[in-house]
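Asker: Structure provided below as structure tokens; questions to follow.
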Amino acid sequence: MINLIFIVPYPELEKKVSEILDSHPLRASLQKRIEMRTADQLDKFKFDAGSDVIIARGFTAYSLRKMFPHLPVIELPITAYDLIRALNECISLYAPEKVAFIGNFAALEEAKELEHIVCCDIEVYHTPKVEDVENAVEQAHKDNCSAFIGGYSVNLICSQKGYASVTIQTGNEAIIQALDEAVRTVNVVRTERERAEMFTTITETSKDGMLYVDMAQNIRVCNPAACQLYIGTKKNPLGLPLKTAFPFLSDPVFRALKTGSELANQIIHWKNSTLNVTVHPVIINTRKTGAVITFQDATQIQQVEIQIRKNLAKKGLNAHYHFEDIIHESQEMDHVIQKARKFASVSSNILIEGETGTGKELFAQSIHNSSNRCNGPFVAVNCASLPENLLESELFGYVEGAFTGASKGGKIGLFELAHKGTLFLDEISEIPLSIQGKLLRVLQEHEVRRLGDDRVISVDVRVIAATNRNLRVIMEQGNFRQDLMYRLDVLKLFLPPLYKRSGDAKVIFYYFLDLFHRQQGYPIPHIDASAMQLLSEYRFPGNIRELRNVAERLIVICMDQKNLTTADMREALYPEELPQNTPVPAVSSCYENSERDFLIQKLEEFHYNQTLTAKNLGINRTTLWRHMKQLGIRRP
């Protein structure tokens, strides 16, 4: 809706304007107000605060522009046709020998030309202000003008003096022209206001500091974020020289204005802040007019980066366990936890050794949650679960087109995801030699290069590695780099097997019984002392993982019993197995030659396509990859 005020000087024009507005194609979107008023009556004019535009004629429009400088005022034009109509009326009424045209409108310049087509002389008198009209009338009278043509103000003065006069009437075409111009003007003003409001909102709400300076380096725009670094005493440094308000920005702005090129990502230290500054020259029609300066606090950038990296991953970025979650009562575990707490207080790399099922990841998560990196991500990967090529792309990431089948847009690597946090590398002993060198470089330089990329990305990651094998033995066998081992083995944590943790098997066993009771709803039976003795004597080669299975197995076995007997315990600990003399199918059972020759034969049959080979053998691809690694088989 457009709120329109139409001011007219005489009744006939009011009627004409009303008729045109009522028939206008945009009448439904026009909120109109028509008021009859002359220029000398504007002191009583009441302005509507919600008005968008005013249309008025001659001196009235001139006066309104001074009264309302921020509101569009459209002048109702006087056309050459209006002059001709007024001149014909004057000649018909008064037959003058000399006519005076008085006013301040563009078409007045054409009035003098009309004397060539009529039988009288014409004089033109320009009156820039309404106060000049009376003097112009007197001067025309002295110049022997016997009739006067002008606006309503001219006609009013001539009537008071008894002079012959004609009022210039506004035609329909001029009203329609003014109305269309008013609509266009309001639309343009609204668009510009929206842009200005958008610009103001962006600058005012931006967390980045934003400045605009002219070629003299005087500040013309300064948003609140920039004002926080302003060193002066005023509320806002607008109009001040950049060198006075922000001296640390003067040099990069000077260089950018001199070269006319953007100066991006300039690291500047100012007081207690490290700023990332970008200066972009403003060039209009090859002419430099100033520069836009943006700057960010490097600390905030790092925090945003961490949050982005977290959001890019759907899972695996949180550590759920704490030292308090480690169930135990043995002094051996007290000593290990105490040592691990000390390790958590520093950021050195840690190597956790222990048999399978001893809780290496549980300790890794607990160390992370007790460290100063607890608010950062915890990313875990099992190095033995992924084939060599997939493990490399998972650890370091890749760019689009790095290899056949690479995801569109590339993929962020686990090192990048773990930035400002912890990366847990389980079964580190299984990492291929070809990747060990690249891993070593990341640990040394704290930089990672994605596959297929030519740039490096800085990372701040603490690595906790875990293994159930002796790395030194593997190193001596030539399957693990010595320099990498020393990078990982800064702090070592050894997790004792369950049979060496006096009393822990019993307390953990009861914990799992209670857990499965709550999950499955089966009652916990009474456990015979002899059954518990049998449990205590068992060595648990699978450690806690095996103990969990035993507890779950017993809950099911004894679901309808009140007592858990020694026989039940023995059945759970020593389930029926294949007799020792029963042949176990092997990969090479169908052939007399060695397993290595058999695998090579199969791989050659499928052109070393591991997926098809594994499918033919009835095993998964990872198992095939392990067999190939153990037997020293590489793709030709």
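Just so it is clear, none of the values below were taken in a lab; they were calculated from the coordinates. If you're wondering where the values come from, they're calculated on a predicted model, not measured in any experiment. Every residue, glycine among them, receives a Cβ derived from its backbone with ideal geometry; neighbour counts consider all protein chains shown.
Asker: Quote the FRET efficiency, to the nearest 0.05, computed for D460 versus L238 with a Förster distance R0 of 41 Å and r equal to the Cβ-Cβ distance.
Answerer: 0.55
Asker: Listed here are the pairs K44/K66; K15/K112; K16/K98; K98/K142; K15/K66; which of them are more than 19 Å apart at the Cα?
Answerer: K15/K112; K16/K98; K15/K66
Asker: Sticking with this one: Could you tell me how many degrees, from 0 to 90 and to the nearest 10, lie between the Cα long axis of helix 152-161 and the main elongation axis, the longest principal axis, of the Cα atoms of the chain?
Answerer: Approximately 20 degrees, to the nearest 10.
Asker: Over the stretch 323-496, what is the relative contact order in whole percent, taking alpha-carbon pairs under 8 Å and six or more residues apart?
Answerer: 33 percent
Asker: Run through the DSSP bridge list for the chain and note the antiparallel percent, rounded to the nearest 5.
Answerer: Bridges in the chain are about 35 percent antiparallel.
Asker: Next up: If each of Y10 and I267 carries a label point 7 Å out from its Cα toward its Cβ, how far apart are those two points in nm?
Answerer: Label-label distance for Y10 and I267, simple model: 7.9 nm.
Asker: Name the long-range amide H neighbours of G290: under 5 Å, sequence gap of 5 or more, or other chain; modelled H, no Pro or chain starts.
Answerer: V282
Asker: Relative contact order, percent, of the chain when contacts are C-alpha pairs under 8 Å separated by at least 6 residues?
Answerer: Relative CO of the chain lands at 8 percent.
Asker: Assuming R0 = 60 Å, what is the FRET efficiency of T356 and E204, from their Cβ-Cβ distance, to the nearest 0.05?
Answerer: 0.55
Asker: Jot down the radius of gyration and Dmax of the stretch 85-165, Cα atoms only, both in angstrom.
Answerer: Considering the stretch 85-165 through its Cα atoms, Rg and Dmax are 11.4, 32 Å.
Asker: Next question. Quick check on the chain: helices-only [θ] at 222 nm, where DSSP H runs of length 4 and up contribute -39,500 (n - 2.57) each and the sum goes over total residues. Nearest 500, please.
Answerer: -12500 deg cm²/dmol
Asker: Can you give the alpha-carbon Rg of the chain over 2.2 N^0.38 Å, where N counts its residues?
Answerer: Against the compact-globule rule of thumb, the ratio is 1.78.
Asker: Still on this structure: Of the lysine pairs in the stretch 323-496, how many meet both conditions: Cα atoms under 26 Å apart, and a spacing of 8 or more in sequence or different chains?
Answerer: For the stretch 323-496, the number of qualifying lysine pairs is 15.
Asker: While we're on this one: For the pair Q630 and R184, how long in nm is the line joining their label points, each one 7 Å along Cα→Cβ?
Answerer: 8.5 nm
Asker: Helix 172-205: angle to the longest alpha-carbon principal axis of the chain, degrees 0 to 90, nearest 10?
Answerer: The angle comes out at about 30 degrees.
Asker: Please tell me the relative contact order of the stretch 80-169 in percent, rounded to the nearest whole number, where contacts are Cα pairs under 8 Å and at least six residues apart.
Answerer: 34 percent
Asker: Given a Förster distance of 41 angstrom, what is the FRET efficiency for H446 paired with K615, based on the Cβ-Cβ distance and rounded to 0.05?
Answerer: Once the sixth-power term is evaluated, E becomes 0.50.
Asker: Please name whichever of A225, G209, L386 sits farthest to the positive end of the charge dipole of the chain, dipole taken about the Cα centre and charges placed at Cβ: Lys and Arg +1, Asp and Glu -1.
Answerer: Ranked along the dipole, the leading option is L386.
Asker: For the stretch 214-300, what is the convex hull volume of its Cα atoms per residue in Å³?
Answerer: Cα-based convex hull of the stretch 214-300, divided per residue, equals 90 Å³.
Asker: What aspartates and glutamates could a cross-link reach from K506, if we take a straight Cα to Cα line under 12 Å and drop same-chain neighbours fewer than 8 places away?
Answerer: E329, E537
Asker: Can you pull a Stokes-Einstein diffusion coefficient for the stretch 518-571 at 10 °C (1.306 mPa s), Rh from Kirkwood over Cα pairs, as a whole number of µm²/s?
Answerer: Diffusion coefficient, whole number: 138 µm²/s.
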